[in-house]
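Reading through the structure tokens given below for one structure.
The values are calculated or read from the model by the stated rules, or taken from the named source; none is laboratory data. Keep in mind it's a predicted model, so treat the numbers as computed, not measured. Glycine also receives a Cβ, built like all others from the backbone with ideal geometry; neighbour counts cover every protein chain displayed. Keep in mind that these areas ignore ligands, DNA and RNA; they rest on the heavy atoms of the full protein, side chains included. Shrake-Rupley method; radii C 1.70, N 1.55, O 1.52, S 1.80 Å.
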Amino acid sequence: VLKLFKLLHRTRQEVFKNDSKALEAARQKINEEFRNNRDETSEEKIIELLKIASDVEVILRTSVIQAIHTDSDKI
């Protein structure tokens, strides 16, 4: 669980580099989700939550695009 938590935060830092608002929002969401489920004892539910977190990490790494305005009409 801790390994996945750290991986999500590392991915967040890479994906949202130089975007302080997105970095903070992602940090809060990751921490909130793990905090909300920290008392979970059902093994099946824990496995399901870990699968969801792993899927989120893959989606962040492969599907999120950060764009930068280089001119008034160019990104």
Query raised in the report: Looking at the range 1-30, which of its residues are under 16 Å from residue 46 (Cα atoms) and of a type outside the set (Phe, Trp, Tyr)?
Result: 1, 2, 3, 4, 30
Report summary line: Taking the range 54-75 and keeping residues closer than 18 Å to residue 10 by Cβ and not in a helix (DSSP H, G or I) leaves 64, 66
Report task. Being among the basic types (Lys, Arg) and either part of a helix (DSSP H, G or I) or surrounded by 10 or more Cβ atoms within 10 Å (Cβ to Cβ) (or both) is the filter here, so list the residues in the range 1-53 that pass it. Result -> 3, 6, 10, 12, 17, 21, 27, 29, 35, 45, 51
Query raised in the report: Say we look at the range 1-56 and pick out the residues that are farther than 30 Å from residue 69 by Cα and β-branched (Val, Ile, Thr); which of these is modelled with the lowest pLDDT?
Result: 1
Report task. Test residue 63 against the criterion of being at pLDDT 85 or above and open to solvent by 70 Å² or more (accessible area, probe 1.4 Å), and give yes or no. Result -> yes
